[in-house]
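First up is the structure itself, then whatever we jot down about it.
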Amino acid sequence: MRSPWIQALMLLMLAVGAAGVTQALHPRAPALYVSDAPRAADEVNLKDIQERWQGKVLWIDARPAEVFEKGHIPGAMLLNEQGFMEQSLALLDVLQTTTLPVIIYCGGEKCEASREVKRRLLEVVPLDECYVLKGGWPAWVAGQK
C-alpha cells in the first residue's frame, strides 16, 4: 500500500492537470491575466471612449439578464444572445435613431458574447459606429477605481 501522503500528492497532481486542461480547452474560459494583446479593429477601450466621444456612447450589455441585474454600466441596455429577438425589438427605435457610437460589452477578456451580439445586431440595424469594449465588464470596473 502507498502512504497517504503519496496518494494525496497524486490526487493533487491529477486535479491540477484536469484544471489546466479545462482552462486551455474551454471556449469561454476566464482570462488568467489581463492580456496586452493588440486590439482588434472593432475594439475600443475606456481611454478611446473618453478621447473620441467624451464618454457619450450608447452602452449595450451582452451578459445574461441575471448578471445585468446585479450591476451594469449606468444607462446600459440589455441585449444578449439568450433574448436577442425580444430585446432587439424593444430597443429598435433607440438603435435606429441614435447618433451615438454603440459600445457592446460582456463578461471579460475571453467572452465572445459581445462579438456575437454585435454580429447579430448589425444584421438587423445598420450602425455606422459599433464597437466591442476590450476587457468587457471587468475593464469597466477597473476603470472606475
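Any read-out appearing in this document is the output of simple, stated calculations on the displayed coordinates, not a laboratory observation. Remember, it's a predicted structure, so these values are computed and weren't measured experimentally. Neighbour counts run over all protein chains shown; Cβ positions are idealised from the backbone, glycine included.
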Amide H contacts of Leu78 (H built 1.01 Å from N, under 5 Å, at least 5 apart or other chain): Asp61
Inter-label distance, nm, simple model (7 Å from Cα along the C-beta direction), Arg120/Glu69: 2.0
P(r) of segment 58-129 over all Cα-Cα pairs, binned every 10 Å from zero, in whole percent: 21, 60, 19, 0
Long-range HN-HN contacts of Glu43 with modeled amide H, under 5 Å: Val132
Partners for Lys56 among aspartates and glutamates (Cα-Cα distance below 19 Å; same-chain residues under 8 apart left out): Asp42, Glu43, Asp48, Asp93, Asp128, Glu129
Projected-area average for the chain over all orientations - Cα convex hull basis, square nanometres: 12.0
Vicinal HN-Hα couplings computed from phi for segment 96-102 (Karplus, 6.51 cos²θ - 1.76 cosθ + 1.60; Hz; Gly/Pro x): 6, 9, 5, 10, 7, x, 9
Whether segment 49-93 is rounded, prolate or oblate, judged on the alpha carbon gyration tensor where a/c under 1.5 counts as rounded: oblate
For segment 5-11, Karplus couplings with θ = phi - 60° (6.51, -1.76, 1.60), whole Hz, Gly/Pro x: 5, 5, 4, 5, 5, 5, 4
23 Å Cα-Cα reach of Lys110 towards lysines, excluding residues that sit fewer than 8 places from it in its own chain: Lys47, Lys70, Lys118, Lys134, Lys145
R0 of 41 Å, Cβ-Cβ distance Glu51-Leu25: FRET efficiency to nearest 0.05: 0.60
